[in-house]
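Peer 1: Below: one structure in structure tokens.
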Amino acid sequence: MNKKCILKYIISLFFALCANYSWTQEKVVKVEDSLAVIETDTVRPKKFYEIRLGLDISRPIMQLAQGQEIGLELTLDYRLAANWYIASEFGYESEIGHEEIIDFYTRGNYAKLGFNYNAYENLSGMNNEVYIGLRYGFSKFQQELNNFTILDLDDYFGDYTEVPNRLYEGLSAHWAELHFGLKVETLPNLFLTASVHFKKLISDKEPEGFANLYIPGFNKVFLNGSGVGFNYTIAYLIPLKKK
Amino acid sequence: MIRFYKNALFVFLIISLQSCEIDDICVQEVVTPKLIIKFYDAADREIEKQVDTLSVWAEGKDKLYEKVKTDSIAIPLNSAVDVVNYFFESSSLTDTLQIHYTRKEIFVSRSCGFKMNFILGNETQLSCQWTDSFETEQTPQSIENEQEVHLKIYH
């Protein structure tokens with residue numbers, strides 16, 4: 001748990017520094033560029049389809065740190081209009097849930113589809129984004145209840161741990177997400193993104209006699225079906241020419 | 001550019017905040033219920049009757065009650081097995097209550113985990129030294145909360 005926290009901080013910091021670095025660079029470059037750029041530059045030549053394909057890098061890093069399989073997430077977005085993007089994420093995840101008194105294992109696939117709105121006005125020639133987004137998320141997964149402990153608060157007979165090793169298959173969930181994020185073009189066509197997601201469960205198929213404590217793509221399900229998530233992605237804009 | 005960095009700072013702040021997750025704590029008062037026993041008068045079965053110097057313990061365990069004067073007790077059932085023997089001692093006579101039950105685990109929440117509910121079995125029996133007989137409120141008697149009396153013992 002703590003390890004996870006620290007890791008997230010380090011990654012945050014890393015990104016903050018990265019962004020900072022690119023800023024200093026731009027400032028230097030701008031002096032010589034500014035005159036030439038003003039007349040010719042538009043947001044980006046409209047002769048290209050702007051499709052960006054990305055990979056979440058927080059999961060592989062955490063996978064290395066924790067030494068267990070976590071999952072993989074790919075992102076895909078397409079620029080629809082000046083500030084509007086169709087955006088999607090898809091991937092798979094597996095999570096071993098060690099709660100104090102419940103031990104379970106969840107794994108499955110998920111997909112999210114929605115849009116991003118870029119609220120940041122770029123200087124000409126720049127392609128950074130501070131965006132807000134909405135997603136619809138869907139996941140199909142399975143859950144294994146390994147063991148649970150029934151506490152004896154009076155400590156008369158003692159705590160009792162049952163090991164049912166029960167497998168619940170064919171579970172599913174639908175939810176909505178609100179995204180806040182930041183995209184920085186660090187190299188031409190290469191974007192680093194950091195975003196945070198607030199989630200609300202719409203409906204889920206629960207296992208009988210148990211609950212969905214973790215849903216792939218959704219993360220930990222808190223009380224009232226709320227959740228939070230984040231990702232750090234590195235994305236490449238594929239320059240596909242329009243006919 | 002400065003505005004961009006203000007925005008950026010804000011986003012990073014949010015991300016940093018969410019790095020430490022909320023932990024829900026088990027606050028609901030949902031625990032595995034105990035068996036509630038009430039003592040009644042064997043002569044007039046409607047009237048509650050206290051037991052003098054009552055001692056209660058499960059086989060091989062410490063005393064839960066020792067020489068108390070009461071008309072009702074709450075005793076835990078063992079979640080690990082289907083039968084438990086309880087001893088009731090009053091004025092140097094000891095009765096054995098052999099409680100048979102079936103168990104059903106109920107999921108409560110992430111933080112509270114599971115609790116156990118029980119249904120009393122027909123095989124439940126009481127040796128009658130100082131007690132007269134016993135009776136359940138319903139058949140089959142389920143044990144899901146501690147608000148109601150599950151077992152009546154007449155003496």
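Any read-out appearing in this document is the output of simple, stated calculations on the displayed coordinates, not a laboratory observation. Here the structure is a predicted model, which means the values were calculated and not measured. Note: ideal-geometry Cβ built from the backbone for every residue, glycine included; neighbour counts use all protein chains shown.
Peer 1: Roughly how many debye, to the nearest 20, is the charge dipole of region A:46-188 about its Cα centre, given +1 on each Lys and Arg Cβ, -1 on each Asp and Glu Cβ, and no other charges?
Peer 2: Here region A:46-188 has a charge dipole of around 1340 debye.
Peer 1: To continue, here is another question. With label points built 7 Å along Cα→Cβ from the Cα atoms of A:R166 and A:I238, find their separation and express it in nm.
Peer 2: 4.4
Peer 1: Rounded, prolate or oblate: which fits region A:98-243, taking a ≥ b ≥ c as square roots of the Cα gyration tensor eigenvalues, rounded meaning a/c under 1.5, else prolate when a/b beats b/c?
Peer 2: In terms of gyration-tensor shape, prolate.
Peer 1: Could I ask something else about it? Within 10 Å of each Cβ in peptide A:229-238, how many partner chain Cβ atoms are there on average? Round it to a whole number, please.
Peer 2: That works out to 1 on average.
Peer 1: Mind checking the mean number of beta-carbon atoms from other chains within 10 Å of the Cβ atoms in B:88-99?
Peer 2: 0
Peer 1: Also, I was wondering about something else. Give the residue from A:L192, A:F141, A:N109 lying farthest towards the positive end of the charge dipole for region A:97-195; charges sit on Cβ (+1 for Lys and Arg, -1 for Asp and Glu) and the dipole is referred to the Cα centre.
Peer 2: Going by the charge dipole, the pick is A:L192.
Peer 1: Taking beta carbons within 10 Å but only from partner chains, what does the mean come to for residues A:148-158?
Peer 2: Counting Cβ atoms of other protein chains within 10 Å of each residue's Cβ and averaging gives 6.
Peer 1: Additional query: Just to verify a number: FRET efficiency for B:N117 and B:T53, C-beta to C-beta distance, R0 = 45 Å, to 0.05?
Peer 2: 0.85
Peer 1: Still on this model: Roughly speaking, what is the centre-to-centre gap between region A:185-209 and region B:110-155 when only Cα atoms are used, to the nearest Å?
Peer 2: 50
Peer 1: Here is a follow-up. Let me spell out the model: positive unit charges on the Cβ of Lys and Arg, negative unit charges on the Cβ of Asp and Glu, origin at the Cα centre of region A:112-154. What dipole size does that give, in debye rounded to 20?
Peer 2: Here the size comes out at about 360 debye.
Peer 1: Once you have a ≥ b ≥ c as the square roots of the Cα gyration tensor eigenvalues for region B:26-154, tell me rounded if a/c is under 1.5, and otherwise prolate or oblate according to whether a/b is larger than b/c.
Peer 2: Because a/c hits 1.5 or more and a/b exceeds b/c, region B:26-154 counts as prolate.
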